[in-house]
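Each remark here refers to the structure printed beneath this line.
The values are calculated or read from the model by the stated rules, or taken from the named source; none is laboratory data. Every value quoted in this text rests on a predicted model; they were computed, and no experiment measured them. All Cβ positions, glycine included, derive from the backbone under ideal geometry; neighbour counts span all protein chains shown. Quick note on the areas: whole protein, heavy atoms, side chains included, nothing else; ligands and nucleic acids left out. Shrake-Rupley method; radii C 1.70, N 1.55, O 1.52, S 1.80 Å.
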Amino acid sequence: MRKQIWRLVPVALMLFLLSGCLGEENLTALDPKGPAAQWIYDNMLLSIAVMTFVSIVVFVIFFLVIFKFRRKDGDDVLPKQVHGNTAMEITWTVIPIILLIILFIPTVTGTFDFHVNADPSEHEDAVYIKVTGHQYWWQFDYEEGFTAGQEVYIPAGEDVVFELNAEDVIHSFWVPALGGKIDNIPGVTNALTLNADEPGVYKGKCAELCGPSHALMDFKVIALERDEYDAWVEDMLAVEQEATAANAEAGYEAFQENACISCHAIGGQGMATGPALTNFGDRQTLAGVYDIDDDELLKEWIRDPQSLKQGNNMPAHPDISDEDLDAIVEYLRSLQVRGADQEY
Amino acid sequence: MASYKKEKSVIWDWLTTVDHKKLGIMYLIAGTLFFVKAGLMAVFMRIQLMFPENTFLSGQTFNEFITMHGTIMLFLAATPLLFGFMNYFIPLQIGARDVAFPFVNALGFWIFMSGGLLLSLSWFFGGGPDAGWTAYVPLSLNENQLGLDFYVLGLQVSGIGTLISAINFLVTIINMRAPGMTMMRLPLFVWTSFVTSTLILFAFTPLAAGLALLMLERIFDAQFFNPTAGGNVVIWQHIFWIFGHPEVYILVLPAFGIISEVIPAFSRKRLFGYTAMVFATMIIAFLGFMVWAHHMFTVGIGPVANSIFAIATMTIAVPTGIKIFNWLFTMWGGKITFNTSMLFASSFVPTFVLGGVTGVMLAMAPVDYLYHDTYFVVAHFHYIIVGGIVFALFAGLFYWYPKMFNHKLNEKMGKWFFVLFTIGFHLTFFIQHFLGLMGMPRRVYTYLGGQGLDDFNLISTVGTFFMSAAVILLVINIIYSAFKGERVIGINDPWDARTLEWATPTPVPEYNFAQTPQIRSLDPLFYEKVHGDGTMKPAEPVGDIHMPNGSILPLIISIGLFFGGFGLIMLEMDNPIVSPWIVLAVGAVLTFGSMALRSINDDHGYHIPKSVVQADLKKWGGGK
């Protein structure tokens, strides 16, 4: 333990020196990957520059004062009692106002530039995706009429408009490397535009406390080249339940028998009160955070979801037979539209 | 009229006291206990976040801890600790014998306590509230979480206590000043307390209204916040932050006041730019009310509202900057003594600036889309609340301790305490700015490994261990000093200070001033040291002093309110042991019965006879 802590000191110092590359790529906002994130990053640097200037002025005066004006032992001479100084008071009123005006301008222009109306008719040229926050997963409804859960695919280099809603409590949609966050609020419709410069997998998080598993409400934004994206949309639209079922017949039946389909839609089938599983086999994580390749974890999830994500709404299935469980896992893994070994 | 000095047991004396000094000490003790409780929760939370995917606390427990940590620290620790100093020192600093309404003062304390205990009881009924200290709806409407009922009723009750105490301070400062103590001669601590009390008056009322709505919705199934029934989720956030933002200033303005007392005293200079300080305080308070929506930039209230609130928020930097530079130039040219109190007060200035500059950064609405609800915000407000308010509380504690407890705190331990606490504080919170930017949302009970968040979280947790060690050292210091600390009995003015509280004898007699002093200047005691013989000139001859009688009724009224609140919560319980309506009735009878008793019973207080006052004067010196 102790050794570990001391090991960190040089690491921390180095990280501070290299503060341009703090944190994990495609997560940290300090390495912006889209125009919105870049604008935010630039203006953050602007404000840090102004504020560093202010801090330096204060610190210089402070250290001058505490070293220069210490009382020596036995010095009982009373210092001069001054009331104040009007010229100085005006100076330190006017200079901050000037500094603030420098910040007012990007604040106001940025606020208006970032504002997006949540009206699809205003964004006919852009990809328009409805995002609904649930405890504790994300639903993405595409204009083309299909639904994805947990992972949202977008074309790289294009503006994508996200319409933000929530089903139960307030959530907040945040992809740090791509831009700012806007809240998902029940009864309110907000919107946010993001644009990923390059194809890649960007990590997203829920930023508003939404219950015990708030910390586990992660998602992914997967940006693809336009042609790949188009192909993906085609595939999602073309998912045929019969064909999929043929790959894992037993699993398909177990899935139906255990009423999984009453919450988890696949393709056009079933209810969508839980995350749609149409492309489950392409997923990068289980439940947004866990290792997707771990069969045992997936089985534990089906048997007792509460143990992995406290407070979520999926009922436990303690009585499901091992045989059924194996079959369902195999079936879920077969639900692919891109193939698990795709590169991003 | 009752005779002077009825003999009472010590416990009965403290339960019935209406003396502002005893109530001040009671506030300090209560605040300290809650401070330790909420601090321990913070340590547990940091231990949970020490390593990725740690399993020390569950998500549910963690959420209960964040909620209670925030709620307790703001309502039940910081507020009473400041109220403790305000209660003790406002009357002394303005040359008054007590507050305007001593009975109401005691009532305020006991109601605050009963609300605090009601809130704390939630642990015994299925866990604390878990929706964050802001209790955003719809999360806070969770029917299964009884803790939230305790949150609503506990805060409602304790808020009444805070509100009536604030009204009492307002009347005291307006009406009870000694002759010559004009408003522009008030010590800055009194000024800031006055402005804070005004803020409480206007901020706790919307909070009470909001909590009432939440109570109606939770307990009586109203639909104010249910969008499917025509309600509005965002309205709660407006109501909450109309209270919640001024709340920050409610806490930080008296902290400014303490700093403005300590820095001149130990720099041996008068406060630089007194008038500017007073008006800056008022401007900050005014703007504090105008900026609540900066907590809601990501809610989608529109670009016009966001711009206006962003600019209004940044503007607060101007009066705050005036204060910062005035403090620096108070020290400039002075003869500074660096004891523990001054160490905290002087280092408050740059620390608070670090919190302030991130405040301006947060105010840039479109950039806030990044910071909002991340650890950047956590770092920012802990720089304000710990680096500001807590530093000031420690400065005030070491400064005023001799006047309150008749001995000093140990300086050597005090300085070690300062060093440990400061290192721990920066270690814990500075690094959290980066955590936020690196993608760590706030209020998360865990984070995955391999996201680049591990090292900084570990460092942050190590920082809390330093702060914990520092606080333990402070407790040791307090116990040690009680036995071995430097006595100041008979020494009225151990710091060679400037304001009126140091003109009273130590220990302070129950009537504070044998003769109301005549105030001739700002910093009246210093004025007399330079222009007079070093003692205050009396404004009245020695005579009988009228004092209020103690009363048990404030305690009983607050017990009644406790039962009232608890009865309402019982309406939500599945199988209450007794009918909630009986508990409610008992509460109502106790509260309203005591009020009626208070109304019909004429209590004229008692007089301390002239002879006793004269004897005291002979003992402590002075008196014309």
Seminar exercise, completed: Tilt, helix B:102-120 to longest principal axis of chain B (alpha-carbon atoms), in degrees rounded to tens, equals 30
Exercise. Any idea what angle helix A:2-17 forms with the longest principal axis of chain A, computed on alpha-carbon atoms, 0 to 90 degrees, nearest 10?
Worked result: 70
For this session: Choose one of A:LEU209, A:GLN310, B:ILE385: the residue whose Cα lies farthest towards the positive end of the charge dipole of the protein assembly as shown (beta-carbon charges +1 Lys, Arg; -1 Asp, Glu; about the Cα centre).
Result: B:ILE385
For this session: List the relative contact order of the stretch B:504-624 as a percent without decimals, with contacts defined as Cα pairs under 8 Å and 6+ residues apart.
Result: 31
Problem set entry | Total lysine pairs whose alpha carbons fall under 24 Å of each other in the stretch B:1-128 (8 or more apart, or interchain) | 7
Exercise. Over the protein assembly as shown, with a single point scatterer placed on each C-alpha, what log10 of the ratio I(q)/I(0) does the Debye formula yield at q = 0.05 1/Å?
Worked result: -0.33
Problem set entry | Size of the B/A contact, given as accessible area buried on both chains, probe 1.4 Å, in Å² | 8300
Problem set entry | Solvent-accessible area, 1.4 Å probe, carbon plus sulfur percent, for the stretch A:82-219 | 54
Problem set entry | For the stretch B:422-445, residues shielded by at least 40 square angstrom of accessible area compared with the chain on its own, probe 1.4 Å | B:PHE434, B:LEU437, B:MET438, B:GLY439, B:PRO441, B:ARG443, B:TYR445
Seminar exercise, completed: accessible surface per residue for the protein assembly as shown, probe 1.4 Å, DNA/RNA/ligands not counted, whole Å² -> 37
Seminar exercise, completed: With +1 on the Cβ of every Lys and Arg and -1 on the Cβ of every Asp and Glu, the dipole magnitude of the protein assembly as shown about its Cα centre, in debye rounded to the nearest 20, is 8480
For this session: Report the label-to-label distance for B:LYS412 and A:GLU296 in nanometres (one decimal), using points 7 Å from each Cα along the Cα→Cβ vector.
Result: 5.8
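Where nothing but the Cβ of Lys and Arg (+1) and of Asp and Glu (-1) is charged, how large is the charge dipole of chain B around its Cα centre, in debye to the nearest 20?
Around 2120 debye, computed over chain B.
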Exercise. Non-local amide H neighbours of A:ALA29 (under 5 Å, H modeled in plane, Pro and chain starts lacking H): which ones?
Worked result: B:MET438, B:GLY439
Problem set entry | Per-residue mean of C-beta atoms belonging to partner chains within 10 Å, peptide B:228-236 | 3
Exercise. Distance in nm between label sites at B:THR337 and A:ASP113, each 7 Å beyond Cα in the beta-carbon direction?
Worked result: 5.6
Exercise. Dipole magnitude of chain A about its Cα centre, charges +1 at Lys/Arg Cβ and -1 at Asp/Glu Cβ only, in debye to the nearest 20?
Worked result: 3180
Exercise. Where the accessible area of the stretch B:213-323 is counted over protein heavy atoms with a 1.4 Å probe, how much of it, in %, is carbon and sulfur?
Worked result: 75
Exercise. In peptide A:101-108, how many Cβ atoms from other protein chains are near each Cβ within 10 Å, on average?
Worked result: 5
For this session: Highest first, please rank the peptides B:105-114, A:144-153 by the mean number of other Cβ atoms sitting within 10 Å of their residues.
Result: B:105-114, A:144-153
Seminar exercise, completed: Pseudo-spin-label distance B:TRP12 to B:LEU40, built 7 Å along Cα→Cβ, given in nm, is 3.4
Problem set entry | Under 17 Å from B:LYS618, Cα to Cα: lysines that are on another chain or at least 8 residues apart | B:LYS537, B:LYS610
Problem set entry | Placed amide H near A:LEU286: partners under 5 Å, 5+ positions off or other chain | A:ASP291, A:ILE292
Seminar exercise, completed: With DSSP loop assignment and no more than 15 other C-beta atoms within 10 Å, the GluC sites (Glu not before Pro) in the stretch A:83-138 are A:GLU124
Exercise. Got a sec? Which residues in the stretch B:271-307 would a label at A:ILE90 touch, if it sits 7 Å along Cα→Cβ and we count backbone N under 17 Å?
Worked result: B:273, B:276
Problem set entry | Degrees between helix A:226-238 axis and first principal axis of chain A (Cα, 0 to 90, nearest 10) | 40
For this session: Taking H placed 1.01 Å from N in the peptide plane, check which residues at least 5 places from A:ARG70 or on another chain put their amide H under 5 Å from its amide H.
Result: B:ILE336
Problem set entry | Theoretical FRET efficiency, 1/(1+(r/R0)^6), r = Cβ-Cβ of B:GLN614 and B:ILE47, R0 45 Å, to 0.05 | 0.15
Exercise. How much length is gained on full extension from B:ILE552 to B:THR228, taking 0.36 nm per residue of separation minus their Cα-Cα distance?
Worked result: 111.8 nm
Exercise. If you look for lysine pairs in chain A that are eight or more places apart or on different chains, how many of them have Cα atoms under 21 Å apart?
Worked result: 19
Problem set entry | Relative counts (whole %) of C-alpha pair distances in the stretch B:297-436, using bins that are 10 Å wide | 11, 33, 31, 17, 7, 1
Seminar exercise, completed: Ranked by GNM mean-square fluctuation in chain A (Cα springs under 10 Å), the top entry among A:ASN165, A:ASN184, A:ASN313 is A:ASN313
For this session: Over chain B, calculate the relative contact order: mean separation of alpha carbon pairs under 8 Å at least 6 apart, over the residue count, as a percent.
Result: 18
For this session: Mind telling me which of A:ALA259, A:ALA29, A:ALA196 comes out most flexible in a GNM of chain A, alpha-carbon contacts under 10 Å?
Result: A:ALA259
Exercise. Of B:GLY127, A:PRO176, A:ALA191, which is farthest on the positive side of the dipole of the protein assembly as shown, counting Cα position, with +1 on Lys and Arg Cβ, -1 on Asp and Glu Cβ, and the Cα centre as origin?
Worked result: B:GLY127
For this session: Whenever you get a sec, line up B:PHE65, B:PHE297, B:PHE56, B:PHE592 from highest to lowest accessible area (probe 1.4 Å, protein heavy atoms).
Result: B:PHE592, B:PHE56, B:PHE65, B:PHE297
Exercise. Just the C-alpha atoms of chain B: what Rg/Rh do they give, with Rh taken as the Kirkwood radius?
Worked result: 0.97
For this session: In whole Hz, with x marking every Gly and Pro, tabulate ³J(HN,Hα) for the stretch B:298-309 from phi via Karplus 6.51 cos²θ - 1.76 cosθ + 1.60, θ = phi - 60°.
Result: 8, 7, x, 8, x, x, 5, 4, 4, 5, 4, 5
Exercise. Put +1 on the Cβ of every Lys and Arg and -1 on every Asp and Glu Cβ in the protein assembly as shown; which of B:PHE204, A:VAL127, B:MET547 then has its Cα farthest towards the positive end of the dipole?
Worked result: B:MET547
